[in-house]
Each structure stands twice: as C-alpha cells, then as structure tokens.
Amino acid sequence: MSKPIYGMLLGGILGIFDGATAYFTPAVRHQMMAIIIGSTIKGIIAGLAIGFFSKKFQSLPLGIVFGLGVGLVLAYLVAMMPDEQGNHYYFQIMLPGAIVGAIVGYATQKYAGKTAPARA
C-alpha cells in the first residue's frame, strides 16, 4: 500500500479517536458527532500530507517530527475557532492532534510502502 493511502487510512481511523476525546470536555459533549467528523477529516488531511512527505523523505525521525508538526498546525487551526460562549480549547484539541500526527508519521515511515519480495 502506498504511503499517502496508508497515511490517509490511519489518519482517518485515529481521527475518530481524536474526536472522541472531546467527551472529556463537558462543555462540548453536545457537539460530539460534529467534532468526531471534523477530527476524522483533519486526520485524513494530515495523513495525506504525512504520507507524501514520507514517500519523499525516508527518515523515521523526520517523519515523526513532520507528523507532529502537521498535527499541531491543523489542530491549532481548529482550536482557534471559539465555541458558542467564545471559549477556546487549545490544550484539549492540540494535544490529541499532535499525538495522532506523530503516530501517523511514525507508522507511515515504518510500515507503509513495503514491497513483498518477488516470487520465483
């Protein structure tokens, strides 16, 4: 499987869990479905970017750092949007986003793009 496709799939799956962490912020529990959908889309976008980066640069440390950075940037863009009361949840949004980015960066470098040996 190609690295961009692998990154998108893994980012989307982990994005579901990223969005589910909103349960721990009681003020936004009524928006859980929208948060999970948004986090899944954010994970797919991050996974695609990380996958293309991993395809170009074959370095595990660079993949992790890039994934962490992409996760932080996308999560920051989401955290900048206030809720109905004007509150921002930077820590609650950016921490899981950074973790998802780092995991996807690691996994795309480590496991994606492996080719099976040719059969004789």
Original post:
Of the residues that make up region 55-64, is at least one under 18 Å from residue 95 (Cα atoms), touching a helix residue (DSSP H, G or I) at 6+ places or on another chain (Cβ under 8 Å) and open to solvent by 50 Å² or more (accessible area, probe 1.4 Å)?
Top reply: yes
Original post:
So which of 82, 26 ends up being without any contact (Cβ under 8 Å) to a residue 24 or more places away in the chain and in contact with a His (Cβ under 8 Å, 6 or more places away or on another chain)?
Top reply: 82
Subject >> Residues of region 77-99 satisfying the condition of being more than 12 Å from the chain's Cα centre (by Cα) and surrounded by 12 or more Cβ atoms within 10 Å (Cβ to Cβ) >> reply: 77, 78, 79, 83, 88, 89, 90, 92
Original post:
How about region 17-40: which of its residues are surrounded by 15 or more Cβ atoms within 10 Å (Cβ to Cβ), among the β-branched types (Val, Ile, Thr) and either in a helix (DSSP H, G or I) or in contact with a Leu (Cβ under 9 Å, 6 or more places away or on another chain) (or both)?
Top reply: 21, 28, 35, 36, 40
Original post:
So which of 74, 68 is under 18 Å from residue 22 (Cβ atoms), assigned to a helix (DSSP H, G or I) and either of a type in the set (Asp, Glu) or open to solvent by less than 80 Å² (accessible area, probe 1.4 Å) (or both)?
Top reply: 74
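The values are calculated or read from the model by the stated rules, or taken from the named source; none is laboratory data. Remember, predicted model here, so these are calculated numbers, not experimental data. Don't worry about glycine lacking a Cβ; one is built from the backbone with ideal geometry, like all the others, and counts go over all protein chains shown. Heads up: the accessible areas ignore ligands, DNA and RNA and are worked out on the full protein's heavy atoms, side chains in. Shrake-Rupley method; radii C 1.70, N 1.55, O 1.52, S 1.80 Å.
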